[in-house]
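A.B. asks: If you scroll down you'll find the structure; I have some questions about it.
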Amino acid sequence: MTTAQITVLAGDYIGPEIMAAGLKVLAAVAENQNFDYDLHEMPFGGAGVDQEGDPLPAETLKSAQESDAVLLAAIGGPKWDGAPKTPEKGLLAIRKALNLFANIRPTYISPAMQQYSPIKNEKPVDFVIVRELTSGVYFGTPRETTADYALDTMRYTNEEIERITRVGFEMAMKRRKHVTLVDKANVLDTSKLWRKIVAQIATEYPEVTYDQSYVDAASMKIIADPGQFDVILTENLFGDILSDEAAQITGSLGTIPSMSRGTNGPSLYEPIHGSAPDIAGKGIADPLSMVKSVAMMLANSFDRQDLSDQIMASVNKTIEDQIVTPDLGGHANTAEVTAAIIKNIQESR
Ligand code: NAD
Ligand code: IPM
Ligand code: MN
């Protein structure tokens, strides 16, 4: 067994708090399980700006490229508002450099979580957002600001749409075989191109039912009838917005992990939320998003579904026992939730 190489990017504000929790759970679940790993903790985001003058220092990128997986907590915050190099630029740069074009953001309301959901769910809620991550308006050029106007460009090539569409349909084949393309094809040319290409690729997957929704209506359906979705396939900006909305119907943004992957090379695992400056330093950040990102990493980058399942079962038991942070209405702090998860892992052995 080779030793897994993991680059660790703790980032800013609550980033280091939840990363510490995630790494403690990793250590607990790996103990005596024939999973050896090395951690490479590197500056990134605001911490990269402060230490190296760059949100993605060259050494950090090199470490990520040479690793088997990257764990990221969260970056950004008011400290770097208006800075010439923002933490967010580092995040976009690492996604681009590692070619992480597919971002998988799950929305699953487990029986244990249902009590925290702000909506009444008649059908089970279990869908994934497959978000295109390295193109669209985040990266399109020209991009400029003058005295009179600012310009962003939403641009997609056929190839960029094709490859993310295949990720979405392959994922649907392993799930309930339903894909919903979310777009704004009643207005945007890029969305019209998505519809054309996705419809072509859909014919290669006759077992998968395929439909479309405009993004405004989709944002309503996520609240009104989230049980209808299996795979939501969408472009970069819509996926960003809809994934925070989808997170909240599970109870809290602070519980949702994600995976970002390319065709080869390391994948990156991170909570979908940001650095939560409003609660940083209070010790009350919800660690579940980070802990579940560790579980996603074990299953997807290291073929250790067994360890991933142990983490998820222990998380669920912790939720059932109502040991949760204030974002879920609880009174536990980050350390107490983390300790409960670790105790559940140990007791399950
Ligand atoms: P945010 O996601 O940081 O916070 C939104 C709200 O959710 C806040 O009230 C926060 O306290 C709460 N929240 C988020 N995560 C939580 C957790 N684990 N536990 C408990 N509560 C949690 O969004 P924001 O405030 O708009 O952005 C703050 C900074 O984070 C910005 O600089 C933004 O650019 C950055 N950001 C980074 C990432 C990333 O690193 N991937 C993602 C989103 C935003
Ligand atoms: C996310 C974040 C990032 C994004 C920001 C911080 C650049 O909101 O990962 O969801 O918009 O992709
Ligand atoms: Mn976001």
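A.B. asks: Inspect all residues belonging to segment 131-154 and state whether any of them is surrounded by 16 or more Cβ atoms within 10 Å (Cβ to Cβ), part of a strand (DSSP E or B) and within 16 Å of ligand 3 (Cβ to nearest atom).
C.D. replies: Among the residues of segment 131-154, at least one is surrounded by 16 or more Cβ atoms within 10 Å (Cβ to Cβ), part of a strand (DSSP E or B) and within 16 Å of ligand 3 (Cβ to nearest atom), which makes the answer yes.
A.B. asks: If you go through segment 261-275 one residue at a time, how many are surrounded by 24 or more Cβ atoms within 10 Å (Cβ to Cβ) and assigned to a strand (DSSP E or B)?
C.D. replies: Here the count works out to 2.
A.B. asks: Filter segment 260-277 down to residues that are of a type outside the set (Gly, Ala, Ser) and within 16 Å of ligand 3 (Cβ to nearest atom), then give me how many there are.
C.D. replies: Total satisfying the criteria: 7.
A.B. asks: Could you list all residues from segment 308-326 that are in a helix (DSSP H, G or I) and surrounded by fewer than 21 Cβ atoms within 10 Å (Cβ to Cβ)?
C.D. replies: Passing the criteria: Ser308, Asp309, Met312, Ala313, Asn316, Lys317, Glu320, Pro326.
A.B. asks: Say whether the condition of being among the aliphatic types (A, V, I, L, M) and within 21 Å of Ala276 (Cβ to Cβ) is met by at least one residue in segment 55-66.
C.D. replies: no
A.B. asks: Look through segment 227-237, keep the residues that are away from ligand 1 (no atom under 14 Å from the Cβ) and surrounded by fewer than 22 Cβ atoms within 10 Å (Cβ to Cβ), and return whichever of them is farthest from Ala285 (Cα to Cα).
C.D. replies: Gln228
A.B. asks: Just one of Leu298, Leu307, Leu242 is assigned by TED's automatic domain parsing to the domain that holds Arg166 and more than 18 Å from Ile75 (Cβ to Cβ); which is it?
C.D. replies: Leu242
A.B. asks: Which of the residues that make up segment 195-239 are without any contact (Cβ under 8 Å) to a residue 60 or more places away in the chain and of a type in the set (D, E, K, R)?
C.D. replies: Arg195, Lys196, Glu204, Glu207, Asp211, Asp216, Lys221
A.B. asks: Out of the residues in segment 240-255 that are touching a Leu at 6+ places or on another chain (Cβ under 8 Å) and touching a residue at least 60 places away in the same chain (Cβ under 8 Å), state the one that is nearest to ligand 1 (Cβ to nearest atom).
C.D. replies: Gly254
A.B. asks: Given the criterion at pLDDT 95 or above and within 16 Å of ligand 2 (Cβ to nearest atom), identify the matching residue among Ser314, Ser258, Ser301, Ser308.
C.D. replies: Of the residues listed, the single one that is at pLDDT 95 or above and within 16 Å of ligand 2 (Cβ to nearest atom) is Ser258.
A.B. asks: Sticking with this structure for a sec: Working only within segment 320-334, note down all residues that are in contact (Cβ under 8 Å) with a residue 12 or more places away in the chain and touching a helix residue (DSSP H, G or I) at 6+ places or on another chain (Cβ under 8 Å).
C.D. replies: Asp321, Ile323, Val324, Thr325, Asp327, Leu328, Gly329, Thr334
A.B. asks: How many residues are out of contact with any Gly (no Cβ under 7 Å at 6 or more places or on another chain), in a helix (DSSP H, G or I) and within 16 Å of ligand 3 (Cβ to nearest atom) if we restrict to segment 217-245?
C.D. replies: Final tally of qualifying residues: 10.
A.B. asks: Which helices (runs of 4 or more DSSP H) sit wholly inside segment 31-105 and have at least 3 residues that are within 16 Å of ligand 3 (Cβ to nearest atom) and crowded, with 16+ Cβ neighbours inside 10 Å?
C.D. replies: Counting at least 3 such residues, we get 87-97.
A.B. asks: Which condition does Ala93 not pass, out of (1) more than 23 Å from Ile129 (Cβ to Cβ); (2) free of Cβ contacts under 8 Å to residues at least 60 places away in the same chain; (3) among the hydrophobic types (A, V, I, L, M, F, W, C), if it passes all the others?
C.D. replies: Ala93 satisfies every listed condition except (1).
A.B. asks: Mind checking which residues of segment 241-275 are farther than 16 Å from Val294 by Cβ and among the polar types (S, T, N, Q)?
C.D. replies: Ser243, Gln248, Thr250, Ser252, Thr263, Asn264, Ser275
The values are calculated or read from the model by the stated rules, or taken from the named source; none is laboratory data. Remember, predicted model here, so these are calculated numbers, not experimental data. A quick note on method: Cβ atoms are made from the backbone with ideal geometry, for glycine too, and the neighbour counts reach across all protein chains shown.
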